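Below is one structure; the comments refer to it alone.
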Amino acid sequence: MDVIVDFGAKGDGKTDDTQAIKNAIASRKPLIFPAGTYIMNDKLILDGATTSNLSWEGAGSTTTIIKFTNIALTNLVERINRASSNFRIKGITFQGFGKTVGNCNGFVSEYGGRSLSYNLRMEDVAVTDVSENGFVVTDWFQQAWVGCYARHIGGDGFHIGGDQSSSFIGSGSFSSGIDGYAWWFYSGSPFLQGLNVGDSSNGLKFGTPASHPYGTKYCFPTIIGLNVESIITAHGIGLYFERGSSPNFMVGVVIYAYQVAALYGIYFNYLGNAAIMSKMPTIIASSGGSFQSKIYINGASTNGSLVFFEPVASTDFGGSAAKRYIEIKSDPSNSVLFERVITDQSFKNNGALYYKSKVITSSVNIRRNSGTQDDNVLLVDATNRNITISLDFASYMADRVFTIKRIDSSTNTVTITSYTSNFDGAANITLSPLQKVKIISNSSKWYII
């Protein structure tokens, strides 16, 4: 039903449409909001009956605006009481009265002990000009967000929780002008694709600490394309992973610090799992900006690891000690495992740093895509037999570094060979008892370094 035709709203930016829109919501019918600015002097209250199996559809977030004028409001839209299912909003902006006025959130559907709701669809929906948080949606499973954004927000742009099989797709929209985090995902395994963050104090946060009202929660996002452009507040953070949270998979991440001394590009408060990335994220300091550390790990469990699907070359770790790429602060009893990291430069390690290693007790072929190519350190024990380690083509192992250490004192031989390649001109390398060698491929030959 049309809120203008059927319920008498005006949408002219002058007439008070509060009662007309409340009557439309109370009808429990799917609603159409034609292009216009609808003036509201009270918050919109929703419950299960006024949202389940229903939809609100505007003409687009830039042309259908519900503008709130009562600066005493604490929420613009608030869902209460009964659980809901199958609710959809499309093409509407909820506009407050300024990011420095009052104490008001935007769209709030927050868990408060009631049953969780299912299947929320938000497309081209925005919250702007509020002093607290833009969206607080923590009690819906199976959320789908497409092209939604928050702008001119005094707190965080989005608080998202209760997620199960939820997805968040940017579709070119930008959240910007946010004084806190642009997005904060409390828990679950959300799928994020093409999200864009404009000028904001911080980028994205994942998980909640023990001090949070919901207690400790873990978040393991899959991130396919993320542009944090850019951090504009000193001491800002691009991606913050709360204790125990880490990415299931991450690719196409770009983070900028613009004209400010940002704190970290990516921060792991405590790395307890494998943080899997296709390649090293692009973390850029521009126009006089800087990062204290581009990736910072504040301690880790014995299961904590950074795993890269593509080799990470030494050029990815540039910078002086004050602007190093990866900094690890770890308890001496714990470790951080790096897989496919091709340098031991530009690290500050206050605890223990470990590379993946393997003990070799018989001859082995180190081949691409065989699993053995991911062992950074090979410890060779020839106590019981002669051992030959045969490496693949140098061209197939570009930028790989191996440290090979013989750990026995027997009279057996340890020989390192390569398929059609040589080592500094020699056909092979022979290791004497307790000797070690470090080698690197430049994609055409193997070299001893």
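Near residue 60, within a Cβ-to-Cβ distance under 12 Å, what is the net charge of the other residues, with Lys and Arg +1 and Asp and Glu -1?
-2
Assuming 0.692 mPa s and 37 °C, estimate D for segment 385-430 with Stokes-Einstein, Rh taken as the Kirkwood radius over Cα pairs, in µm²/s.
After rounding, the answer is 280 µm²/s.
For residue 396 and residue 235, calculate 0.36 nm times their separation in residues minus their Cα-Cα distance, and state this gained length in nm to one decimal.
Here the segment from residue 396 to residue 235 would lengthen by 53.8 nm.
Based on the mean of other beta carbon atoms within 10 Å per residue, what is the order of 231-242, 171-182, 432-443, most packed first?
231-242, 171-182, 432-443
Show the residues, 5+ positions off or on another chain, whose built amide H is closer than 5 Å to the amide H of residue 428.
Correct list: 423.
What do you get when you divide the Cα radius of gyration of segment 187-306 by 2.2 N^0.38 Å, with N the number of residues?
Against the compact-globule rule of thumb, the ratio is 1.00.
What's log10 of I(q)/I(0) for segment 34-100 at q = 0.22, 0.25, 0.26 Å⁻¹, Debye sum over Cα points only, no solvent?
-1.01, -1.13, -1.16
Please compute P(r) over all alpha-carbon pairs of segment 1-113, binned at 10 Å starting from zero, and give each bin as a whole-number percent.
15, 48, 33, 4
For residue 55 and residue 436, compute 0.36 nm times the residue count separating them, minus their Cα-Cα distance, and round to one decimal in nm.
So the extension gain works out to 130.4 nm.
Using the structure shown, select from 90/294; 10/43; 294/445; 22/90; 99/205; 29/67 the pairs with a Cα to Cα distance greater than 28 angstrom.
Pairs exceeding the cut-off: 90/294; 294/445.
Which whole-number percentage describes the relative contact order of segment 46-147, with Cα contacts under 8 Å and a sequence gap of 6 or more?
Normalised by residue count, the contact order of segment 46-147 is 29 percent.
Which of the peptides 383-393, 265-275 is most tightly packed, and how do the rest follow, going by the mean number of other Cβ atoms within 10 Å of each residue?
Sorting 383-393, 265-275 by mean packing, highest first, produces 265-275, 383-393.
Where Lys and Arg each count +1 and Asp and Glu each count -1, what net charge lies around residue 179 among other residues with Cβ under 9 Å from its Cβ?
Charge balance in the 9 Å sphere: 0.
How long is the gain from residue 292 to residue 412 if the chain were fully straight, where each residue apart is worth 0.36 nm and the alpha carbon distance is subtracted?
Residue separation times 0.36 nm, minus the Cα-Cα distance, leaves 38.2 nm.
Every number in this text was worked out from the coordinates using simple rules, so none of it is lab data. Remember, predicted model here, so these are calculated numbers, not experimental data. All Cβ positions, even for glycine, are placed from backbone atoms using ideal geometry, and neighbour counts span all protein chains on display.
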